C-alpha cells in the first residue's frame, strides 16, 4: 500500500473542485500522487461520459518524461500506452486520450471544437497563456475537471492571477519539506544547490517571487573559486583536458559591442573551460570585424590547439558568410555554423548548474571581459511592470550581455549532455 504525506492526504480529501492545483517546490510529491492515484481515478470516474480526456504539458516529450513513462512503469503498457506521433492519441485506463504540447496554440487548436471531461496539466506555469485560456473554454461539462501542477514563477504571472481569482479552485502550496519521504541528504544538497538564487524561494520554499539582483551570485561572490589551477608539462606547456574547442561570437548593435568567447568542452561534458574572451566597441566595418575575429581565432589556436566549431550570432547571416570565406582564405579549417540561440532561461539554468557543481573554470588572465559580465549580470527590474511574466536579463547597455551571449553560443549545443552529467553528480552526492 502506498504511503502518503500529510499534504497528499489533504489533497485526496479536498481536491474535489473544478480546478485543482498543486503549486510549489520541486521533489515535494506533487506529481507522484497524480501518477499513482489522481489521473487514473479521474479517468475511470468519467468513463463513458461525453467529452475528451486531455493531458497537456510544455511539450509531448515532457509529458512522456514527467507523466506517462513513470505511470507506465507503475501500471504497465496495457493500461498506459504510448503517444501516437501522427495523432497525439494515447491509450490510458480504457480511454483514448490526447497528449498535447502547450508551447503552441496550434497544438490545442487541433481539438478545440470538442468538450473536455478531464484535463491534466503538467508544468502549467510554463504554458502559453492562450493554451490555458482555450482549456478553460473546453472544460464545459458539469463534471469537467482539471488537475494541474507547477513550480511558481513571477508574482504577476498570469497563472498566479488566475489562482487568486474567485473561480472554483483548490490551490495547495508545497515546500520541499512537505515530502516526508525524501532522502534528507538529497534534500539538504538540493537546498545548497539553489541557495543564493531566486530559485531557492521558488523551488525550495514554493513561493511566487520576482527574479531580482545578481543572476550569477554564486560566481560573483567568489569568482576566484572558478579559476583553473594550472599545471604544466616538462616543456612548460599548459596541461588541458581532452575536448573540443568552440568559439561563440555575438555581433553588437547600437548599444553593444562585438564579443568573442572560446571554450574547451571536455568529451564527457564534465568540464567547460573558458580559454579566452574579447569585446570590441567603436566604428568597426565588416572588414575590420573579420580581422578581429580571425585574429582571435588564430590566437586561440596558437595557444590551445585546433578549434572544432565557430558559432556566430545567427541573426547576421551576411557576417557569417564573410567570416566563413575569410577563414577559408586564411586556410583555417573549422566548422562555422549559426548559433542555435536556445531559450535564454535554459542557458542561464545550465550556467547555474555548472557553477553549483564546479563544471566551469576560467583561465582568468585571458577571460576578463566574460568574468566581469558574469559578475555584474542582473535580472530586469519588474517592479513597475504590469504584464511582464518572464524572467529576463537586464539589457539596457549598462551590463555586458554580449559576452554572455557569445559564451552561451559556445556551449548551448552541449546543454543536454551537461545537464545529464550534473544529474549523475547529484545522484552520487545523494547516494
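Could you give the angle, 0 to 90 degrees to the nearest 10, between helix 129-138's Cα long axis and the longest principal axis of the Cα atoms of the chain?
Taking Cα atoms only, the helix is inclined about 20 degrees.
Given R₀ = 25 Å, what would the calculated FRET efficiency be for residue 95 paired with residue 2, taking r from the Cβ atoms and rounding to 0.05?
Efficiency, rounded to the nearest 0.05: 0.65.
First check a/c for the stretch 70-174, with a ≥ b ≥ c the square roots of the eigenvalues of its C-alpha gyration tensor; if it is under 1.5, answer rounded, and if not, answer prolate when a/b is larger than b/c or oblate otherwise.
prolate
May I ask for the Rg/Rh ratio of the stretch 304-412, computed from Cα atoms with Rh as the Kirkwood radius, given to two decimals?
Reported Rg/Rh (Cα atoms, Kirkwood Rh): 1.02.
Work out how far the C-alpha atoms of the chain reach from end to end along every principal axis, then list the three figures in whole Å, largest first.
In descending order, the Cα extents are 74, 47, 45 Å.
Roughly how many nanometres apart are two label points built 7 Å out from the Cα toward the Cβ at residue 133 and residue 381?
3.1 nm
Considering the Cα positions of the stretch 157-218, please state its Rg to one decimal place and its Dmax as a whole number of Å.
Rg and Dmax of the stretch 157-218, Cα atoms, are 14.3, 42 Å.
Multiply the residue gap between residue 283 and residue 314 by 0.36 nm, knock off their C-alpha separation, and tell me the result in nm, one decimal place.
Value of the extension gain: 9.0 nm.
Cα axis of helix 184-194 to longest principal axis of the chain: angle in degrees, 0 to 90, nearest 10?
50 degrees
With a point put 7 Å past each Cα toward its Cβ, work out how far residue 184 is from residue 417 in nm, to one decimal.
Distance between label points: 3.9 nm.
Name the residues of the stretch 114-131 whose amide N is less than 17 Å from a point 7 angstrom out from the Cα of residue 50 along the C-beta direction?
Of the residues in the stretch 114-131, 114-118 have backbone N under 17 Å from the label point off residue 50.
As a check on your grasp of the helix formula, calculate [θ] at 222 nm for the chain: sum -39500 (n - 2.57) over DSSP H runs of n ≥ 4, divide by the residue count, round to the nearest 500.
-10000 deg cm²/dmol
Return the equivalent ellipsoid semi-axes of the stretch 6-204 as a descending list in whole Å, where each equals the square root of 5 times an eigenvalue of the C-alpha gyration tensor.
Equivalent-ellipsoid dimensions as semi-axes: 27, 19, 17 Å.
At 7 Å along Cα-to-Cβ for each site, give me the label-to-label distance between residue 12 and residue 77 in nm.
With each label point 7 Å from Cα toward Cβ, the separation is 3.1 nm.
How much length is gained if the chain between residue 41 and residue 364 is pulled fully straight, taking 0.36 nm per residue apart and subtracting their Cα-Cα distance, in nm to one decimal?
Contour length minus the Cα-Cα distance gives 110.6 nm.
What base-10 log of the normalised intensity I(q)/I(0) is obtained for the stretch 217-430 from the Debye formula, alpha carbons as equal point scatterers, at q = 0.10, 0.16 Å⁻¹?
Ignoring solvent entirely, the Cα scatterers give -0.44, -1.12.
Would you mind checking the tilt of helix 317-329 against the longest principal axis of the Cα atoms of the chain, expressed as 0 to 90 degrees and rounded to 10?
Its long axis makes an angle of about 40 degrees.
So for 225, 157, 258, fewest C-beta neighbours within 10 Å to most, what's the order?
Final ranking by Cβ density, sparse to dense: 225, 157, 258.
Read the figures in this text as sums done on the coordinates, not as results from a lab. All values reported here derive from a predicted model rather than from experimental measurement. A quick note on method: Cβ atoms are made from the backbone with ideal geometry, for glycine too, and the neighbour counts reach across all protein chains shown.
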